[in-house]
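Peer 1: One structure is given below, represented as structure tokens, and several questions about it will come after.
The values are calculated or read from the model by the stated rules, or taken from the named source; none is laboratory data. Every value quoted in this text rests on a predicted model; they were computed, and no experiment measured them. Cβ sites come from the backbone with ideal geometry, for glycine too, and all protein chains shown count toward neighbours. Protein only, heavy atoms only, side chains kept; ligands, DNA and RNA dropped before computing areas. Shrake-Rupley method; radii C 1.70, N 1.55, O 1.52, S 1.80 Å.
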Amino acid sequence: IKIEGVVVDEADERERFTHLVVEVDRVEQEYMFHSVNTKIKVTADLYPTYNYGDRIVFEGVLDKPKSFETDLGREFDYAGYLAKDGIYYQMFYPDIKLIGQNEGVWIKEKLFAFKHAFLNNVTQVLHEPYAALAGGLIVGAKQSLGEDLLQKFRDVGLIHIVVLSGYNVTIIAITIMYLLSFLSRFYKVVIGSVCIVLFAIMTGAGATIVRASIMAILVVVGRMSGRKIDMLRLLGIAVFFMVLQNPLIVVHDPSFQLSVLATLGLILLPPLFEKHVSWIPKKFGFREIVVATVSTQIFVLPALMYMTGQISIVSLIVNILVLSVIPITMLFGFLTGLVGFFSTGLSAFFAWIAFIFLYYEVLIVEIFARFPFASLALPSVSLIFVYLFYCVFGFVLWQLHKKSNQLGG
């Protein structure tokens, strides 16, 4: 079949191929063009490259996505996963011809262009895989670290830093508000919120990014208005609007599910742990990182067991060792890309500092991934077990918080 459409998302570049999401408007059948409105996921060669807003004509065999079995024997509903984004067809390695450019949304084109220029500045002074890791940390770049290293990040439970996570977005939001601290309260809220929204768009607006961005904006507005901030309520508001906009993410978006569970753990569990870890030093935020890591790991564990059938025994210690240096890594990585617009030589100075931390993070992953018990495969877990676990867990947490409030009173 011969199809014409526009690339409506950033190219998702992997090690040996690239994924394109194309919004189709015309299909040729029997030498006649028919107007249609759907999306297709196209798997193509890495070169030539195609960008957001490119109009292309491509010809190949059209197929419907099918569920597949993972390496650990879990069935993944790939058709449902794509359907949440309005994608119902796919095509592998078609013949592609570029026939137009700049047909996307203007603001997205400019944001993606800035992002690509920023990443190019980073790759000028940092070699792989450190440039790809820096890009993933700072702007959620869809560039592969290489299958071998990527698998090691999965094995040690650190895959969430390779793609932009809620933790990274929180750091970005805090930095934006700090840089705007010289403005009046009103302008700080307005400009800060706009910057967070633009950053979310630039990084792809995935479920995790959107959830973290909504909560960050609500926190900014709440603090500036002098209101008491209830993080559980903010999470509920963010989830409500996300589900209202796209109900399919509740069932078919693992990143949304894990992001919400991790945030719930981060809100509910630390108050119960903090009084038992007073022996951990507060310097460099070490105690906070330990408590946050333990809380999120515990809360997402049942869901991970069901989704992947794989858990990392070393995940806790690896996250503790790495997360403490993520903010400073992001700072010098950001300076590397930003200064690169003005001076490659000065950019290289910041790149050397960023490289030290990036090298440390990769080294930690390499070391712990060598352990034979780093990652364990688990037997299949029923979805009913997961629901039951969270119901019991929720009841226990409610009782503990109730008891804690009574003692506090």
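Peer 1: From the residues in the range 110-140 that are in a helix (DSSP H, G or I) and among the charged types (D, E, K, R), which one is surrounded by the most Cβ atoms within 10 Å (Cβ to Cβ)?
Peer 2: Of everything passing the filter in the range 110-140, LYS115 is surrounded by the most Cβ atoms within 10 Å (Cβ to Cβ).
Peer 1: So which residues in the range 313-326 are open to solvent by 30 Å² or more (accessible area, probe 1.4 Å) and at pLDDT below 85?
Peer 2: ILE313, LEU316, SER324
Peer 1: Same structure, new question: Checking LEU98 against (1) open to solvent by less than 30 Å² (accessible area, probe 1.4 Å); (2) in contact with a strand residue (DSSP E or B) (Cβ under 8 Å, 6 or more places away or on another chain), which single condition isn't satisfied?
Peer 2: It fails just one condition, (1).
Peer 1: Do any strands (runs of 3 or more DSSP E) lying entirely in the range 1-55 carry at least 1 residues that are within 20 Å of GLU103 (Cβ to Cβ), basic (Lys, Arg) and free of Cβ contacts under 8 Å to residues at least 24 places away in the same chain, and which ones are they?
Peer 2: 18-29
Peer 1: Kindly indicate whether any position in the range 73-84 is out of contact with any helix residue (DSSP H, G or I) (no Cβ under 9 Å at 6 or more places or on another chain) and over 24 Å from ASP45 (Cα atoms).
Peer 2: yes
One line per residue, one yes/no per condition, for (1) farther than 24 Å from LEU331 by Cα; (2) at pLDDT 80 or above; (3) under 15 Å from the mean Cα position of the chain (by Cα):
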site: LYS188; (1), (2), (3): no, yes, no
site: SER193; (1), (2), (3): no, yes, no
site: THR203; (1), (2), (3): no, yes, yes
site: MET224; (1), (2), (3): yes, no, no
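Peer 1: Any chance you could count how many residues in the range 237-253 are open to solvent by 40 Å² or more (accessible area, probe 1.4 Å) and not β-branched (Val, Ile, Thr)?
Peer 2: Total satisfying the criteria: 7.
Peer 1: Need the failing condition index for LEU400 against (1) more than 17 Å from VAL122 (Cα to Cα); (2) free of Cβ contacts under 8 Å to residues at least 12 places away in the same chain; (3) open to solvent by 40 Å² or more (accessible area, probe 1.4 Å), just the number.
Peer 2: (2)
Peer 1: Shifting gears a bit: Would you point out the residue of the range 265-289, among those that are open to solvent by less than 20 Å² (accessible area, probe 1.4 Å) and closer than 18 Å to SER324 by Cβ, that is nearest to the chain's Cα centre (by Cα)?
Peer 2: PRO270
Peer 1: Of the residues that sit in the range 382-397 and are of a type in the set (Ser, Thr, Tyr) and modelled with pLDDT of 85 or more, which one is nearest to LEU268 (Cα to Cα)?
Peer 2: The selected residue is TYR390.
Peer 1: From the residues in the range 162-207 that are touching a Lys or Arg at 6+ places or on another chain (Cβ under 9 Å) and polar (S, T, N, Q), which one is least open to solvent (accessible area, probe 1.4 Å)?
Peer 2: It comes out as THR203.
Peer 1: A further question follows. Which residue is nearest to ILE311 (Cα to Cα), if the candidates are limited to the range 367-388 and must be assigned to a helix (DSSP H, G or I) and open to solvent by 70 Å² or more (accessible area, probe 1.4 Å)?
Peer 2: Looking at residues that are assigned to a helix (DSSP H, G or I) and open to solvent by 70 Å² or more (accessible area, probe 1.4 Å), I get PHE385.
Peer 1: Continuing with the same structure: State the number of residues belonging to the range 224-276 that are more than 30 Å from VAL189 (Cβ to Cβ) and of a type in the set (S, T, N, Q).
Peer 2: Residues that pass the stated criteria total 1.
Peer 1: If I ask for residues that are assigned to a helix (DSSP H, G or I), in contact (Cβ under 8 Å) with a residue 24 or more places away in the chain and either touching a strand residue (DSSP E or B) at 6+ places or on another chain (Cβ under 8 Å) or of a type in the set (D, E, K, R) (or both), which ones from the range 62-92 would you list?
Peer 2: Answer for the range 62-92, where residues must be assigned to a helix (DSSP H, G or I), in contact (Cβ under 8 Å) with a residue 24 or more places away in the chain and either touching a strand residue (DSSP E or B) at 6+ places or on another chain (Cβ under 8 Å) or of a type in the set (D, E, K, R) (or both): just LEU82.
Peer 1: Out of all the residues in the range 24-82, which are charged (D, E, K, R), under 16 Å from GLU4 (Cβ atoms) and over 23 Å from the mean Cα position of the chain (by Cα)?
Peer 2: Hits for the range 24-82 are ASP25, ARG26, GLU28, GLU30, ASP54, ARG55, GLU59.
Peer 1: Determine the pairs where a residue that is farther than 15 Å from TYR359 by Cβ, located within the range 317-329, has a partner that is open to solvent by less than 10 Å² (accessible area, probe 1.4 Å) and of a type outside the set (A, V, I, L, M, F, W, C) with Cβ atoms under 6 Å apart, the partner being 6 or more residues away or on another chain.
Peer 2: The qualifying pairs are ASN319/THR293; ILE320/THR293.
Peer 1: List pairs: first residue in the range 203-223 and within 17 Å of ILE267 (Cα to Cα) and aromatic (Phe, Trp, Tyr), second residue surrounded by 18 or more Cβ atoms within 10 Å (Cβ to Cβ) and modelled with pLDDT of 80 or more anywhere in the structure, Cβ distance under 7 angstrom, at least six positions apart or on different chains.
Peer 2: Pairs that qualify, where the first residue is within 17 Å of ILE267 (Cα to Cα) and aromatic (Phe, Trp, Tyr) and the partner is surrounded by 18 or more Cβ atoms within 10 Å (Cβ to Cβ) and modelled with pLDDT of 80 or more: there are none.
Peer 1: Considering only the range 350-381, state which residues are of a type in the set (Gly, Ala, Ser) and modelled with pLDDT of 85 or more.
Peer 2: ALA351, ALA354, ALA369, listed by residue number.
Peer 1: Do any residues in the range 117-133 that are at pLDDT 90 or above have Cβ atoms under 6 Å from those of residues that are open to solvent by less than 30 Å² (accessible area, probe 1.4 Å) and not in a helix (DSSP H, G or I), where the two are at least six apart or on different chains, and which pairs are they?
Peer 2: Going by the 6 Å Cβ cut-off, the qualifying pairs are LEU119/ALA141; ASN121/GLY340.
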